[in-house]
Amino acid sequence: EGIHNGAAFDKWRREAEKTQPRLLYLERADLLDSGHDSQEKDFPPQLELNGARYPLAYRFDPGTEDDGVTLIVPLAALNQIAPARCDWLVPGLLEEKIAALLKSLPQSIRRAFVPVPEYARAAAAALADGSPHASRLTPLTDALAAFLTKSTGQLIPRDAWRPEALAPHLIMNFRVQDEAGKTLAEGRDLAALRQQLGGAASEELAKSAGQFQRDRITKWDFDTLPETATVDSGGRVVAAYPALQEVDGQVGLRLFDHADEARAAHRLGVACLLWLGFPDLLKQGERDLTARLKPACLQYALLFRGQSCPGLARDVLAAAVFSQRDVADIRDAAAFAAAAQALRPRLPETVARLANVATECIAAAHRLGQALAKAPVVWKAAVTDIREQLDALVFPGFMASHPGERLPHLPRYLKAMEMRLAKLPNQPARDTAAQRDITPLLTAWRNRVERARAQGLSDPALDAFRWQLEELRVSLFAQELKTPEPVSVKRLEKRWAEIVR
């Protein structure tokens, strides 16, 4: 009953381990009945995520699989759990986890935070629920690094933390249950659980779609579409993400179990619905694209088996919308009508222009693919690098996937790749040096993107940096093509340091 903070909890654990292994469940109802408000605050009975509440179970038994805190997750909600939020555990364990994270830092950094218990206590107080420093959707290590840097001036790179060194009870345990309360899987690796049960979770959520399930929508004749919603799945309240979805030129309304997935689908769904509202423009646009894209269609099919010309045309139509406005934030009839009125006059010209971009890109990708296949083995490093760059620029659906403002630059990036290949026979050493210069930045960016995706996060700064890397490639390998603004390895190293700070 005297446990009010992480330090006390840690002391209690150590004393318990000296006697005998035992189980301790913190019964929430008993604590509330006894008036222990502080315990209920430090060790809450539930965790709120996206407007839904999920039960927490507590177990003290070092060495067991579920030692510590367990989040009980309905199957339908599995794909919606935010890893960053779960990093924070519960307030009663925050100080102990911060202390363990500080101890995991390299000694050259850790020595700035001695004594560790005092810094852990101060950080836990600063990052407590309700404080201006706390944002549970930010990874704990990011929030902790920001507070410590502000307090001491010591910079902490993101890759300096070693969360894998933490004791198991300082990592959230997840227990996935079906509608009947049967445990389907359990563990601390959320990504592995999603890989195992993610498909079943999506199917389970779809059963509860209700009002968010419609087909063949041709106009915005429904109420405001919320970004998040709660639905009943087997008697349990589950969070979900409603969005419009385009499939083969038709628009439907669906529930998604991940915010990023819903936003990507809604972006395409809104664009398609806008075009359906202009039947005359749509008919003319499809007729024009059939002629304009004819040379590219065969190459597109050769590059990507199973991809059709109608699919490419739909991508160009969507890109024509995106190049003028990001429509992913349109959630009501008024905003939709305003966008339609603003977009209509410029769509025909935009479609023609982007059809040319698509044709150029596909032709260049086809030539590059043939050239890379014939490249000698001694160019392996350069060929691998170019192929990875090509695959990230031109892929099925690339016209609708890239930001609209970047589409006009794609032909230049591809031309730079062709020029790089042409120079390789006479300048292999120069190519190797340039690749050596850019590789650390590329590797750091890719690792950070993978980490952000694993945490269910999106970072606009990382997206913008990706295109700065493309410009740097032009500067290093095809200077003749110029870049819109000065770019260099040193400039990007400085920018990267700002992003990871």
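The values are calculated or read from the model by the stated rules, or taken from the named source; none is laboratory data. As the structure is a prediction and not an experimental result, all values here were calculated from the model. All Cβ positions, glycine included, derive from the backbone under ideal geometry; neighbour counts span all protein chains shown. Keep in mind that these areas ignore ligands, DNA and RNA; they rest on the heavy atoms of the full protein, side chains included. Shrake-Rupley method; radii C 1.70, N 1.55, O 1.52, S 1.80 Å.
Under 5 Å from the amide H of R236 lies no amide H of any residue 5 or more positions distant or on a separate chain, with H modelled from the backbone and absent for Pro and chain starts. Length gained on full extension, E498 to Q250: 85.0 nm, using 0.36 nm per residue less the C-alpha separation.
For the range 175-283, GluC sites (Glu not before Pro) are listed when DSSP marks them as loop and at most 16 other Cβ atoms sit within 10 Å of their Cβ; the list is E179, E227. Using the alpha carbons alone, the radius of gyration of the range 288-343 stands to its Kirkwood radius in an Rg to Rh ratio of 1.13. Once you put a point 7 Å from the Cα of K219 and another 7 Å from the Cα of D260, both along the Cβ direction, what distance in nm separates them? Reported label-point gap for K219 and D260 is 3.7 nm. The protection proxy used here, the mean number of other Cβ atoms lying within 10 Å of each residue, ranks peptides 395-404, 91-100, 294-303 as follows, highest first: 91-100, 395-404, 294-303. Normalising the average separation of contacting C-alpha pairs (under 8 angstrom, six or more residues apart) by the number of residues puts the relative contact order of the range 397-492 at 34 percent. Counted residue by residue at 0.36 nm each, then reduced by the alpha carbon distance between them, the extension gain from S458 to R344 reaches 38.0 nm.
Residue by residue, the range 460-477 carries 3J(HN,Hα) couplings of x, 5, 5, 5, 5, 5, 4, 6, 5, 5, 5, 5, 5, 4, 4, 5, 7, 10 Hz when phi is fed to the Karplus relation 6.51 cos²θ - 1.76 cosθ + 1.60 (θ = phi - 60°); x denotes Gly or Pro.
For the chain, the Cβ-based charge dipole about the Cα centre amounts to some 2180 debye (Lys, Arg positive; Asp, Glu negative; other atoms uncharged). Share of carbon and sulfur in the accessible area of the chain stands at 52%, probe radius 1.4 Å.
Using θ = phi - 60° in the Karplus curve 6.51 cos²θ - 1.76 cosθ + 1.60, the 3J(HN,Hα) couplings for the range 341-347 round to 5, 6, 7, 3, x, 9, 5 Hz; x is entered for Gly and Pro. I'd like to know which of F278, Y54, A229 lies farthest towards the positive end of the charge dipole of the chain, counting +1 on Cβ of Lys and Arg and -1 on Cβ of Asp and Glu. The Cα lying farthest towards the positive end belongs to F278.
With a Förster radius of 41 Å applied to the beta-carbon distance between A160 and Q427, the computed FRET efficiency rounds to 0.60.
Contact order for the chain, expressed relative to its length and based on alpha carbon pairs under 8 Å spaced 6+ residues apart, stands at 11 percent. The value of relative contact order for the range 119-247, using C-alpha pairs under 8 Å at least six residues apart, is 12 percent.
Stretching R406 away from E485 to a fully extended chain increases their span by 27.0 nm, per 0.36 nm per residue minus the current alpha-carbon distance. Placing unit charges on the Cβ atoms of the charged side chains and taking the dipole of the chain about its Cα centre, the candidate lying farthest along the positive direction among Y300, P139, L255 is Y300.
Can you tell me the accessible area per residue over the chain, all protein chains present, probe 1.4 angstrom, in square angstrom?
Details: 24660 Å² over 501 residues.
Accessible area per residue, the chain: 49 Å².
Among the listed pairs K294/K482; K41/K97; K103/K490; K380/K482, those with a Cα-Cα distance over 25 Å are K294/K482; K103/K490; K380/K482. Amide H contacts under 5 Å for A185: V176, restricted to partners 5 or more places along the chain or on a different chain, H placed in the peptide plane at 1.01 Å from N.
Judged by the mean number of other Cβ atoms found within 10 Å, the most tightly packed of the peptides 334-340, 119-125, 263-269 leads the ranking 263-269, 119-125, 334-340.
Taking every DSSP helix (H) stretch of at least 4 residues in the chain, weighting each as -39,500 (n - 2.57) and dividing the sum by the residue count yields a mean residue ellipticity at 222 nm of -17500 deg cm²/dmol. Among 411-418, 484-491, sorting by the average number of other beta carbon atoms lying within 10 angstrom of each residue, highest first, gives 411-418, 484-491.
Placing pseudo-labels 7 Å out from each Cα toward the beta carbon at E179 and V237 gives an inter-label distance of 2.0 nm. Summing Lys and Arg as +1 and Asp and Glu as -1 over all other residues whose Cβ lies under 13 Å from the Cβ of R314 gives a net charge of -4.
Whole-Hz Karplus values for the range 165-171 come out as 7, 6, 5, x, 5, 9, 10 Hz, taken residue by residue from phi with 6.51 cos²θ - 1.76 cosθ + 1.60 and θ = phi - 60°; glycine and proline positions read x. Summing charges over neighbours of H266, with a neighbour being any other residue whose Cβ is under 10 Å away from its Cβ, gives 0 when K and R count +1 and D and E count -1.
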